[in-house]
2 protein chains.
Amino acid sequence: MTRSELFEQIRRKRSYLCVGLDTDINKIPRYLLDTSDPVFAFNQQIIDATHDLCVAYKPNLAFYESLGVNGWNSLEKTVNYIRYNYPDLFIIADAKRGDIGNTSGMYAKAFFDAMDFDAVTVAPYMGEDSVTPFLTYVGKWVILLALTSNKGAFDFQLMTENGEKLYEKVLKTSQYWGTSDNLMYVVGATKAEMIADIRQLVPDHFLLVPGVGAQGGSLREVTEKGMNDQCGLLVNSSRQIIYASDGEDFAAKAREAAKEVQIEMEALLDAHRLL
Amino acid sequence: MTRSELFEQIRRKRSYLCVGLDTDINKIPRYLLDTSDPVFAFNQQIIDATHDLCVAYKPNLAFYESLGVNGWNSLEKTVNYIRYNYPDLFIIADAKRGDIGNTSGMYAKAFFDAMDFDAVTVAPYMGEDSVTPFLTYVGKWVILLALTSNKGAFDFQLMTENGEKLYEKVLKTSQYWGTSDNLMYVVGATKAEMIADIRQLVPDHFLLVPGVGAQGGSLREVTEKGMNDQCGLLVNSSRQIIYASDGEDFAAKAREAAKEVQIEMEALLDAHRLL
């Protein structure tokens with residue numbers, strides 16, 4: 001998917017919501033456990049209930065891997081289900097991968113060939129050759145960790161050399177590896193006060209913003225600081241939407257929660273004259 | 001496995017070799033492709049041929065994930081095969097994971113509960129809460145990336161603040177998260193000149209050293225700089241051993257290649273009076 005196609009979808013749906021499919025078998029409604037693939041059954045209903053209110057889905061790999069082969073199977077089925085039924089959705093493998101060049105190439109194969117993800121999150125610690133193999137796939141994206149939403153982000157990401165912080169160095173250095181048409185950045189909503197500075201460094205790139213809702217970040221603040229003239233934001237919400245109810249009405253309640261976010265996003269897009 | 005059990009195994013086998021099971025379906029002998037699970041069939045023969053010459057196996061997850069559900073299945077079978085037949089071997093998931101706290105907890109579940117790995121490699125970029133969930137498992141290990149063997153290591157790992165490099169900060173800061181009984185570090189053999197300094201910072205911790213052989217690092221140099229009084233080194237070799245031949249004699253040739261390394265390691269252990 002190209003950047004302009006993504007922006008067109010955002011305008012059409014009046015939403016820049018990404019729904020995080022962090023599906024935990026211990027948190028889904030009990031009655032689904034009687035089905036042959038409870039995780040997929042849950043995802044399927046969440047997707048059917050929210051696909052017109054969001055532009056992206058983001059399964060976090062950890063939740064699937066914790067179930068071994070079965071989990072990996074549920075993941076593949078989920079990606080195929082989205083791709084077949086709602087082909088305009090942008091699908092992100094939240095995998096936080098990264099390894100030496102030839103090995104990162106195998107990860108790229110895993111997410112872009114063996115499965116049909118549009119994007120994969122990548123950790124920058126190992127540098128250029130750990131990232132560039134993902135960028136050779138036309139129409140696919142790397143979403144590089146810059147400033148994450150967790151407490152541990154402060155341990156290393158703010159380290160400073162000649163006035164430049166590590167996450168700023170990641171933003172600047174990676175400009176030489178990819179473009180705003182194949183590279184996005186993870187910037188946590190809990191660090192909203194830094195988003196304005198980040199937007200200066202990467203004016204055109206999309207930012208994937210986790211941490212709104214359960215982790216405490218504010219959608220309005222993130223948007224004020226980070227929106228650009230092609231929106232430039234994908235704001236992720238996981239728990240707040242997919243676990244809006246633990247009863248049989250979970251999909252309807254997920255839709256309500258997503259709708260609430262979408263309405264707020266529509267107003268913010270409108271205020272920025274993007275509709 | 002405890003650190004002293006690992007050291008005992010090293011003394012018994014006169015080896016600190018880790019064999020990297022980076023099994024690429026495009027590189028294994030063609031005749032194996034007729035079997036129902038070629039990757040597992042390959043691993044099984046490699047393991048049978050080398051288990052008494054090495055102390056650890058390290059499947060790199062990327063190679064398995066690139067084959068989707070089938071690859072994940074081959075990985076689970078490989079771990080089970082080692083655990084059942086050669087229970088004293090130390091099994092490392094070279095996964096380079098790391099995510100926010102509750103998500104890293106799911107990865108820990110994947111590698112320590114759903115599969116019976118002894119250790120998992122973790123990327124430090126996201127800081128403390130991305131690492132500590134792995135450390136709550138008794139007898140299990142985190143192997144944290146410090147200074148990696150690839151060219152991209154120079155992009156961020158040498159960034160310096162107040163005279164301290166990022167990889168040094170990772171070494172020092174992580175001392176507060178774990179101990180030399182549940183935490184090791186990845187230090188690339190291609191950076192052998194830095195291993196002596198690293199050994200000063202972490203005198204007791206095991207170092208997992210990739211990059212000997214195909215990537216150009218020297219076993220002798222790594223050992224001179226990095227060995228401590230409990231060995232403190234696991235030196236990984238992948239391609240040089242597992243792809244020693246692409247014919248039907250691949251397992252025998254892998255054994256020869258592993259034996260060559262083991263003999264060199266025995267001499268080095270002896271020179272350090274550890275036998």
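List the distances, in nm and shortest first, from the label point of B:Thr35 to the matching label points in every other copy, placing each point 7 Å from Cα along the Cα-to-Cβ direction.
3.7
Between B:Leu166, A:Ile100, A:Ser245, whose Cα lies farthest towards the positive end of the dipole of the protein assembly as shown when Lys and Arg beta carbons carry +1 and Asp and Glu beta carbons carry -1, centred on the Cα centre?
The one lying farthest along the dipole's positive direction is B:Leu166.
Where both residues lie in the protein assembly as shown, what percent of DSSP beta bridges are antiparallel, nearest 5?
Numbers: 6 of 62 bridges.
Taking every DSSP beta bridge within the protein assembly as shown, about 10 percent pair in antiparallel fashion.
Can you give the average number of partner chain beta-carbon atoms within 10 Å of each beta-carbon in peptide A:58-64, as a whole number? Present the calculation step by step, with values, prior to reporting the outcome.
Values: counts 0, 0, 6, 7, 12, 6, 3.
Rounded to a whole number, the mean comes out at 5.
If you put a point 7 Å past Cα along the Cβ direction, how far is that point for A:Gly247 from the same point in each other copy, in nm, smallest first?
Label-point distances to the other copies, shortest first: 7.1 nm.
Which residue, chosen from B:Thr23, B:Val187, B:Ile82, occupies the Cα position most advanced towards the positive end of the dipole of the stretch B:3-271, where the dipole is computed from +1 (Lys, Arg) and -1 (Asp, Glu) charges on Cβ about the Cα centre?
So the residue we want is B:Val187.
With both partners inside the stretch A:3-271, how many of the DSSP beta bridges are antiparallel, as a percent to the nearest 5? All intermediate terms of the calculation are to be shown ahead of the outcome.
Details: 3 of 31 bridges.
Counting only bridges with both partners in the stretch A:3-271, antiparallel ones make up about 10 percent.
What quantity of accessible surface, computed with a 1.4 Å probe and excluding non-protein components, is buried in total between chains B and A, in Å² to the nearest 100? It would help to have the intermediate numbers written out before the result.
Details: alone 12070 and 12050 Å², together 19020 Å².
Using a 1.4 Å probe, the pair buries roughly 5100 Å².
With charges set only on the Cβ (+1 for Lys and Arg, -1 for Asp and Glu), what does the dipole of the stretch B:155-275 come to about its Cα centre, in debye to the nearest 20?
Working: 12 positive and 19 negative charges, 29 e Å.
For the stretch B:155-275, the charge dipole is close to 140 debye.
Quantify, in whole percent, the carbon and sulfur part of the accessible surface of chain B (1.4 Å probe; protein heavy atoms only).
Working: 4460 of 9520 Å².
Taking all protein chains in place, chain B shows 47 percent carbon and sulfur surface.
On average, how many beta carbons from a partner chain sit within 10 Å of the beta carbon of a residue in B:104-113?
Numbers: counts 4, 2, 11, 7, 2, 6, 10, 2, 0, 2.
Taking the mean over all residues of the peptide, I get 5.
Could you identify which residue out of B:Asp24, B:Asp52, B:Asp249 has the top mean-square fluctuation in a GNM of chain B using Cα springs shorter than 10 Å?
Highest fluctuation of the listed residues: B:Asp249.
Provide the solvent-accessible area of B:Thr179, counting protein heavy atoms only and rolling a 1.4 Å probe, rounded to the nearest 10 Å².
70
Expressed in nm², what is the orientationally averaged projection area of the convex hull enclosing the Cα positions of the stretch B:144-215?
Working: hull surface 19.2 nm².
Over all viewing directions, the stretch B:144-215 projects a mean Cα-hull area of 4.8 nm².
Could you give the accessible area per residue of the stretch B:92-205, probe 1.4 Å, as a whole number in Å²? Write down the numbers at each step before the final one.
Numbers: 3330 Å² over 114 residues.
Spelled out: the 1.4 Å probe surface of the stretch B:92-205, per residue, equals 29 Å².
How many angstrom lie between the C-alpha centres of the stretch B:71-144 and the stretch A:119-174?
Comparing the Cα centres of the stretch B:71-144 and the stretch A:119-174, I get a distance of 23 Å.
When only Cα pairs under 8 Å and 6 or more residues apart are kept, what is the percent relative contact order across chain A? Mind dumping the intermediate values first?
Details: 498 pairs, mean separation 58.7, N = 275.
Once normalised by length, the contact order is 21 percent.
Report the calculated FRET efficiency for A:Arg273 and A:Arg30 (r = Cβ-Cβ distance, R0 = 35 Å), to the nearest 0.05. Don't skip to the end; give the middle numbers.
Working: r = 47 Å, r/R0 = 1.33.
FRET efficiency, A:Arg273 to A:Arg30: 0.15.
Say a label goes 7 Å from Cα toward Cβ at A:Asp52 in every copy; what distances in nm does this one have to the rest, shortest first?
Taking the point 7 Å beyond Cα along Cα→Cβ, the inter-copy spacings are 6.9 nm.
Do the alpha carbons of any pairs in A:Lys165/B:Lys165; A:Lys140/A:Lys172; A:Lys58/A:Lys165; A:Lys77/B:Lys77; A:Lys27/A:Lys96; B:Lys109/B:Lys172 sit beyond 18 Å of each other, and which pairs? Walk me through the numbers before you get to the answer.
Numbers: A:Lys165/B:Lys165 13 Å; A:Lys140/A:Lys172 21 Å; A:Lys58/A:Lys165 28 Å; A:Lys77/B:Lys77 22 Å; A:Lys27/A:Lys96 23 Å; B:Lys109/B:Lys172 27 Å.
Where the Cα-Cα span goes over 18 Å, the pairs concerned are A:Lys140/A:Lys172; A:Lys58/A:Lys165; A:Lys77/B:Lys77; A:Lys27/A:Lys96; B:Lys109/B:Lys172.
Would you list which aspartates and glutamates come within 13 Å of A:Lys259, measuring only between C-alpha atoms, while excluding same-chain residues fewer than 8 positions from it?
Reachable aspartates and glutamates: A:Asp52.
Taking 2.2 N^0.38 Å as the expected size of a compact globular protein, what ratio does the Cα radius of gyration of the stretch B:1-46 give against it, to two decimals?
Normalised Cα radius of gyration, the stretch B:1-46: 1.62.
In whole Å and largest first, what semi-axes does the C-alpha gyration tensor of the stretch B:3-271 yield when each eigenvalue is scaled by 5 and square-rooted?
Working: eigenvalues 158, 97, 58 Å².
Output for the stretch B:3-271: semi-axes of 28, 22, 17 Å.
Using a Gaussian network model of chain B whose springs link C-alpha atoms within less than 10 Å, name the residue from B:Ile25, B:Ile195, B:Ile92 with the highest mean-square fluctuation.
In the Gaussian network model the winner is B:Ile25.
Inside 10 Å of the C-beta atoms of A:144-150, what's the mean count of C-beta atoms belonging to other chains? Working shown, then result.
Numbers: counts 0, 5, 1, 0, 7, 2, 11.
Shielding by partners across A:144-150 averages 4.
So if R0 is 56 Å, what FRET efficiency would A:Glu193 and A:Tyr84 give, r being the distance between their Cβ atoms, rounded to the nearest 0.05?
Values: r = 41 Å, r/R0 = 0.74.
The formula returns an efficiency of 0.85 here.
Along each principal axis of its Cα atoms, how long is the stretch B:1-143 end to end? Whole angstroms, biggest number first, please.
46, 38, 23
So how far apart, in nm, are the two label points at A:Glu5 and B:Val138 if each is 7 Å from Cα heading toward Cβ?
That separation, rounded to one decimal, is 5.3 nm.
Highest mean first, how do B:184-192, A:79-87 rank when packing is the count of other Cβ atoms within 10 Å averaged over residues? Don't skip to the end; give the middle numbers.
Numbers: B:184-192: 25.0, A:79-87: 15.1.
Top of the packing list down: B:184-192, A:79-87.
In debye, nearest 20: dipole of the protein assembly as shown around its Cα centre with unit charges on the Cβ of K, R (+) and D, E (-)? Write out the running numbers ahead of the final one.
Numbers: 54 positive and 74 negative charges, 64 e Å.
So the dipole magnitude of the protein assembly as shown works out to roughly 300 debye.
What is the Å³ per residue value for the convex hull set by the Cα atoms of the protein assembly as shown? Don't skip to the answer; put the middle values down first.
Working: hull volume 72.0 nm³, N = 550.
Measuring per residue, one finds 131 Å³ for the Cα hull of the protein assembly as shown.
When 1/r is averaged over all different Cα pairs and the result inverted, which Kirkwood radius in Å belongs to the stretch A:83-198? It would help to have the intermediate numbers written out before the result.
On the way: mean 1/r = 0.0677 Å⁻¹.
So the Kirkwood estimate lands at 14.8 Å.
The values are calculated or read from the model by the stated rules, or taken from the named source; none is laboratory data. These numbers were taken from a predicted model, which means no experiment stands behind them. Note: ideal-geometry Cβ built from the backbone for every residue, glycine included; neighbour counts use all protein chains shown. Just so you know, the surface numbers come from the protein's heavy atoms only, side chains and all, with ligands and any DNA or RNA stripped out. Shrake-Rupley method; radii C 1.70, N 1.55, O 1.52, S 1.80 Å.
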